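Peer 1: Quick one: this structure, given as structure tokens, is what I'll be asking you about.
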Ligand code: SF4
Ligand code: SF4
Ligand code: SF4
Ligand code: SF4
Ligand code: FES
């Protein structure tokens, strides 16, 4: 990329006096002040009122009533994917746990209940007896997703899963699969769903 | 001696050795699957192909010996052979061998037990092509059960025949064979005859890929998460060198560790899978004492020992020091027996010291290669004998029976066993029975004081095996039972009897033992090293 | 009731009024700052506590009070504890000399009911004849709070913040004083009551625009507000002189800052915008109602300047330290000197304008 040199003479008298530029700046902020301030000064945060001021005009999202819908690449809470027959796709290979820089995935494998259905596919012979992610330690780097050979673990768009206790912040297999049920159509926030765990 | 050039390095080596041997002795890697130092050369995997100058074709390093060449034909006038495993031609051969081996290989490394220590993986990175050209479907070959301990993932097999040769040459049981032809080749057992020799676990170790696996380890951990501790097997008096592999303070598997003086590359299945019983045994966590009415109550080590000392001292007053008996154990380490002996002879002043051990069984097996499973299932009978100066416990038993001995200190350590036969009856005559044993058994329950202890995965020490070789065993996991080890308990006892005794570490105890005992003279804990030592 | 008791009662009442006004004002200003800054940045600001966020400052106050009060081990304890007090006191003391409403004529007051034989009631706690000197001296005590705080915490960032603050205050005290001299020249008195009266009778001193400008800028610097908040700039000094203060001690620094804001605004209003003067209206004409109006107008004028402070803070970036010194010594000082001289000349030329 060619570098373009722009020369700006900041040593003009106008700039040196400051006042003109300061005044221009003040006008600009005043414009914004009036735009938002005039419209929202009296708005209280209920959903109905929040609707009055469209999001085009403001950056604030009135959180519990309105929710931000993340972009598709967003890396939020994990989920464990399942196949068409509701069997977990995970084969307990521990690639994710090995890749995880925060060391927050704990897996214990066992022979899967559906092993006999796949005599020629040793992959399906193994599944996780315990699969736990400690989301308090997770840094949401997405390496686990990257490492997974079975597309079993994925990061979803869910961002609001703060918990009241450390125990509740450890997501086990059931919870992670429940997250999959809630997010498999990618419309968690559009449909106004909520995580139905104990937090 | 022939002078050769191997991958650019000039070496002078013995004639008759193979290229592969010379390479591995000199730290040069030549990839290979079917070659195993303890098995005959099969030369069937073709992975070890190297370029030998002057030979028309590539040669297999595992089967091509180093030779002298006549002076007229020396290469560059000085080298008998010039070998290159990295030449373009050799690399191309390695690539295509890898491609052939992977042609029908499932590459399901994510669920394969071998992943992480698999030659196929390693060589794919090092020598392989990196991608697959074949578009054809792979021939499916289902998983098979070969025997009580071993399963075969048939499709992962690269037909190196190591397992077959192992059964033929080491075990001598000829249980495995290769059947069928072409891409339907597979390892089979004879119909109705499962793979159940007592060394069967070793086939999983020598299998260079994840085809043969032990059912014990299957799915239980990924190998790169395992913490490895070298140790000595306590299953019999052979003292095989082992590697204890643990994860999260649990033993996941036990593998043989090469020691040519003892066990070569092998261990028996009893030692390999026996850890489960020891690990799952019911344990004593805190010292226990029994009151007059026979109730057991938990106490702490300090009070228990204080009471023991008080009792022993009063018994000593009534009778003679001789009335206190001591039983060392062939299942306890040299250090523990040494401390007990010291406690008896030096501190309490009783010469009534015996050696308690499980009977020698007649379960003695010698395999074709000479590998021997001993009938003596104690790991340290010889060492204990040398230290305690006693062959067995008979004398002590007799003295208890006729009332000469009123109190008894006893080292346990026999796995899965409390009382030995007749002991219950004999010990009921005692006024005081103090037991140092990790098991929660009938013995420790009937003892007046049972002080706890650790099992041998949890502590450090030395055993003297049947060949009179002193070897170290090491702590692999933290204790599931007592927090103090047997040597610590014994030393607490010694301190309680005699304030001048200073508690020292296991290595120090061994060094002291070496100073005091003729047999161990000249050894130090450090000098034992990885291979152990014989009497100097 | 003798005159002394009367005076005492009324003074106490006036003090109570001024303090309440300032402290309540502080909470409102803090809220205003947060909400206005939000609006300027297209946000909404705190809008949940009580009616659309009105309770936010009180909630924060409660939070600050009940928070754990950490006193680090390495601090110079006495100085550390004193600093917020030294900071807070002058901020509230300045209110003493500001006239906040028209004089209540003696006849108008219902207080004769108490049997009082009243003089006119001046709405100013202390109408001292050196009010301006009082202002200048008391504001500069505030800097001791900062210096003490910075010193006591025994850490380099705080100390640097304090150093900067003191250097800055000294630099800007000069133009501040000189621009006030211009006002004093015009008013012919150092008493604030007198200054307001002169403006009420003639024109507001905003006429002397250069003096106003210099004064305004200098006041910004004196109150440590952006663009002159070098004493606490986060990027360089963590939080400057109050880095290691927590709980209500931190709250006191905050309170002092905003109290300063209000009193400074009051001063600007008093010196240049006629104080409580309602333009084109005779405050004494309608008795108590007129006085009340004057108080309200005074409050409105203050509010405007408070808004200006906030507005400027959220519009301008911070000065660099050398720029700050440059502005102070090379620009404001000459300008203010020129203003003094110019005002004096003009005063001589147009003698009759005010007197
Ligand atoms: S997102 Fe990163 S830190 Fe979190 S579990 Fe996955 S690999 Fe670990
Ligand atoms: S989630 Fe994926 S990477 Fe992790 S254990 Fe399961 S299959 Fe392997
Ligand atoms: S044998 Fe090796 S290459 Fe084959 S699946 Fe197992 S780990 Fe992977
Ligand atoms: S099972 Fe393993 S050892 Fe046996 S032939 Fe196949 S690859 Fe070789
Ligand atoms: S190792 Fe030489 S052919 Fe297999």
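Peer 1: Scan C:241, C:245 and give me the residue that is more than 22 Å from the chain's Cα centre (by Cα) and surrounded by 22 or more Cβ atoms within 10 Å (Cβ to Cβ).
Peer 2: Details: C:241 fails: more than 22 Å from the chain's Cα centre (by Cα).
C:245 is the lone residue from the list that is more than 22 Å from the chain's Cα centre (by Cα) and surrounded by 22 or more Cβ atoms within 10 Å (Cβ to Cβ).
Peer 1: Can you tell me which residue in region B:130-174 is farthest from ligand 1 (Cβ to nearest atom), limited to those that are in a helix (DSSP H, G or I) and closer than 26 Å to residue A:119 by Cα?
Peer 2: Start the filter on region B:130-174 by keeping residues that are in a helix (DSSP H, G or I), which leaves B:154-156, B:162-171.
After this cut, where a residue has to be closer than 26 Å to residue A:119 by Cα as well, the list is B:154-156, B:162-164.
Values: B:154: 34, B:155: 31, B:156: 28, B:162: 37, B:163: 38, B:164: 42 Å.
Selected residue: B:164.
Peer 1: Now, a different point. Does residue A:92 satisfy the condition of being modelled with pLDDT of 85 or more, within 14 Å of chain B (Cβ to nearest Cβ) and on the phi > 0 side of the Ramachandran plot?
Peer 2: Details: modelled with pLDDT of 85 or more: yes; within 14 Å of chain B (Cβ to nearest Cβ): yes; on the phi > 0 side of the Ramachandran plot: yes.
So residue A:92 fits the description; yes.
Peer 1: Now a separate question. Among the numbered criteria (1) in a loop (DSSP other than H, G, I, E, B); (2) within 12 Å of ligand 1 (Cβ to nearest atom); (3) buried (at least 19 other Cβ atoms within 10 Å of the Cβ), which one does residue A:158 miss?
Peer 2: Here residue A:158 meets the rest and fails (2).
Peer 1: Report every pair of residues separated by at least 6 positions or lying on different chains whose Cβ atoms are under 6 Å apart, first residue within region C:1-30 and without any contact (Cβ under 8 Å) to a residue 60 or more places away in the chain, second in a helix (DSSP H, G or I).
Peer 2: Cβ pairs passing all conditions: C:27/C:57.
Peer 1: While we're here: Scan B:232, B:203, B:213 and give me the residue that is within 16 Å of ligand 3 (Cβ to nearest atom), touching a strand residue (DSSP E or B) at 6+ places or on another chain (Cβ under 7 Å) and more than 14 Å from chain A (Cβ to nearest Cβ). Quick ask: steps written out before the conclusion?
Peer 2: Details: B:232 fails: within 16 Å of ligand 3 (Cβ to nearest atom); B:213 fails: more than 14 Å from chain A (Cβ to nearest Cβ).
From the options B:232, B:203, B:213, the qualifying one is B:203.
Peer 1: All but one of (1) modelled with pLDDT of 80 or more; (2) within 24 Å of residue C:80 (Cα to Cα); (3) not in a loop (DSSP other than H, G, I, E, B) hold for residue C:267, so report the exception by its number.
Peer 2: Looking at each condition in turn, residue C:267 falls short on (2).
Peer 1: If you don't mind, there's one more thing I want to ask. For residue B:201, state whether it is more than 16 Å from ligand 5 (Cβ to nearest atom), buried (at least 23 other Cβ atoms within 10 Å of the Cβ), within 20 Å of the chain's Cα centre (by Cα) and within 30 Å of residue A:106 (Cα to Cα).
Peer 2: Details: more than 16 Å from ligand 5 (Cβ to nearest atom): yes; buried (at least 23 other Cβ atoms within 10 Å of the Cβ): yes; within 20 Å of the chain's Cα centre (by Cα): yes; within 30 Å of residue A:106 (Cα to Cα): yes.
Yes; evaluated as a whole, the condition is true for this residue.
Peer 1: For region B:96-117, which residues satisfy the criterion of being within 24 Å of residue B:253 (Cα to Cα) and either within 16 Å of ligand 5 (Cβ to nearest atom) or part of a helix (DSSP H, G or I) (or both)?
Peer 2: Once the filter is applied, which keeps residues that are within 24 Å of residue B:253 (Cα to Cα) and either within 16 Å of ligand 5 (Cβ to nearest atom) or part of a helix (DSSP H, G or I) (or both), region B:96-117 yields B:109, B:110, B:111.
Peer 1: When you go through (1) within 14 Å of ligand 4 (Cβ to nearest atom); (2) more than 26 Å from residue B:270 (Cβ to Cβ); (3) over 24 Å from the mean Cα position of the chain (by Cα) one by one for residue B:118, which number turns out not to apply?
Peer 2: All conditions pass for residue B:118, except number (3).
Peer 1: Name the residues in region B:91-104 that are within 14 Å of chain A (Cβ to nearest Cβ) and exposed (fewer than 15 other Cβ atoms within 10 Å of the Cβ), would you? Even if it seems obvious, please write down each step before you answer.
Peer 2: Restricting attention to region B:91-104, the residues satisfying the condition of being within 14 Å of chain A (Cβ to nearest Cβ) are B:104.
The answer is none; no residue qualifies.
A quick yes/no check of all residues on (1) in contact with a strand residue (DSSP E or B) (Cβ under 9 Å, 6 or more places away or on another chain); (2) more than 30 Å from residue C:125 (Cα to Cα); (3) modelled with pLDDT of 85 or more; (4) exposed (fewer than 14 other Cβ atoms within 10 Å of the Cβ):
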site	(1), (2), (3), (4)
C:46	no, yes, no, no
C:54	no, no, no, no
C:75	no, yes, no, no
C:86	no, no, yes, no
C:89	no, no, yes, no
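Peer 1: OK, next. Among the residues of region B:128-160, how many are farther than 19 Å from residue B:94 by Cα, away from chain A (no Cβ under 14 Å) and out of contact with any strand residue (DSSP E or B) (no Cβ under 8 Å at 6 or more places or on another chain)?
Peer 2: Here the count works out to 3.
Peer 1: Report those helices (runs of 4 or more DSSP H) wholly inside region C:1-107 carrying at least 1 residues which are within 14 Å of chain A (Cβ to nearest Cβ). Break it down into steps so the answer makes sense when it comes.
Peer 2: On the way: elements: C:3-40, C:56-66, C:77-93.
Hits in region C:1-107: C:3-40, C:56-66.
Peer 1: Of everything in region C:67-76, what is without any contact (Cβ under 8 Å) to a residue 40 or more places away in the chain and touching a helix residue (DSSP H, G or I) at 6+ places or on another chain (Cβ under 9 Å)? Give them in sequence order.
Peer 2: Let us first name the residues in region C:67-76 that are without any contact (Cβ under 8 Å) to a residue 40 or more places away in the chain, namely C:71, C:73.
Across region C:67-76, the qualifying residue is only C:71.
Peer 1: Looking at (1) under 23 Å from residue B:254 (Cα atoms); (2) in contact with a helix residue (DSSP H, G or I) (Cβ under 9 Å, 6 or more places away or on another chain), can you tell me which one residue B:433 breaks?
Peer 2: The one condition residue B:433 does not meet is (1).
Peer 1: Another question, if that's okay. Only one of these is away from ligand 2 (no atom under 12 Å from the Cβ) and at positive phi: A:161, A:140. Name it. Don't jump to the end; show me each part of the working.
Peer 2: Working: A:161 fails: at positive phi.
None of the others qualify; the one that does is A:140.
Peer 1: Tell me the residue from A:103, A:86, A:134 that is within 14 Å of chain B (Cβ to nearest Cβ) and either loosely packed, with under 15 Cβ neighbours inside 10 Å or in contact (Cβ under 8 Å) with a residue 24 or more places away in the chain (or both), please.
Peer 2: Details: A:86 fails: within 14 Å of chain B (Cβ to nearest Cβ); A:134 fails: within 14 Å of chain B (Cβ to nearest Cβ).
Result of the check over A:103, A:86, A:134: A:103.
Peer 1: I'd like the full set of residues that are in a loop (DSSP other than H, G, I, E, B), surrounded by fewer than 18 Cβ atoms within 10 Å (Cβ to Cβ) and within 16 Å of ligand 5 (Cβ to nearest atom), limited to region B:45-85. I'd like the intermediate steps shown before the answer.
Peer 2: First, the residues of region B:45-85 that are in a loop (DSSP other than H, G, I, E, B): B:45-48, B:53-58, B:61-64, B:66-70, B:74, B:76-78, B:80, B:85.
Subsequent filtering for residues that are surrounded by fewer than 18 Cβ atoms within 10 Å (Cβ to Cβ) retains B:53-57, B:63, B:67-70, B:74, B:76-78.
Hits for region B:45-85 are B:55, B:57, B:63.
Peer 1: Let me ask another. Only residues that are over 10 Å from residue C:100 (Cβ atoms) and assigned to a helix (DSSP H, G or I): list them for region C:275-302, please.
Peer 2: Matches in region C:275-302: C:288, C:289, C:290, C:291, C:292, C:293, C:296, C:297, C:300, C:301.
Peer 1: Within region A:94-129, work out how many residues are over 18 Å from residue A:172 (Cβ atoms) and within 16 Å of ligand 1 (Cβ to nearest atom).
Peer 2: 4
Peer 1: Something else now. Read through the list (1) under 18 Å from residue B:109 (Cα atoms); (2) modelled with pLDDT under 90, then give the number of the only condition that residue A:110 fails.
Peer 2: That leaves (2) as the condition not met.
Peer 1: Here is a check on your reading of the model: is residue B:107 surrounded by fewer than 18 Cβ atoms within 10 Å (Cβ to Cβ) and within 16 Å of ligand 2 (Cβ to nearest atom)?
Peer 2: Numbers: surrounded by fewer than 18 Cβ atoms within 10 Å (Cβ to Cβ): yes; within 16 Å of ligand 2 (Cβ to nearest atom): yes.
The answer is yes for residue B:107.
Peer 1: Looking at A:173, A:126, which one is farther than 19 Å from residue B:108 by Cα and either modelled with pLDDT of 90 or more or within 16 Å of ligand 3 (Cβ to nearest atom) (or both)? Reasoning before the result, please.
Peer 2: Numbers: A:126 fails: farther than 19 Å from residue B:108 by Cα.
Of A:173, A:126, the one residue that is farther than 19 Å from residue B:108 by Cα and either modelled with pLDDT of 90 or more or within 16 Å of ligand 3 (Cβ to nearest atom) (or both) is A:173.
The values are calculated or read from the model by the stated rules, or taken from the named source; none is laboratory data. Since this is a predicted model, take the numbers as computed values, not measurements. All Cβ positions, even for glycine, are placed from backbone atoms using ideal geometry, and neighbour counts span all protein chains on display.
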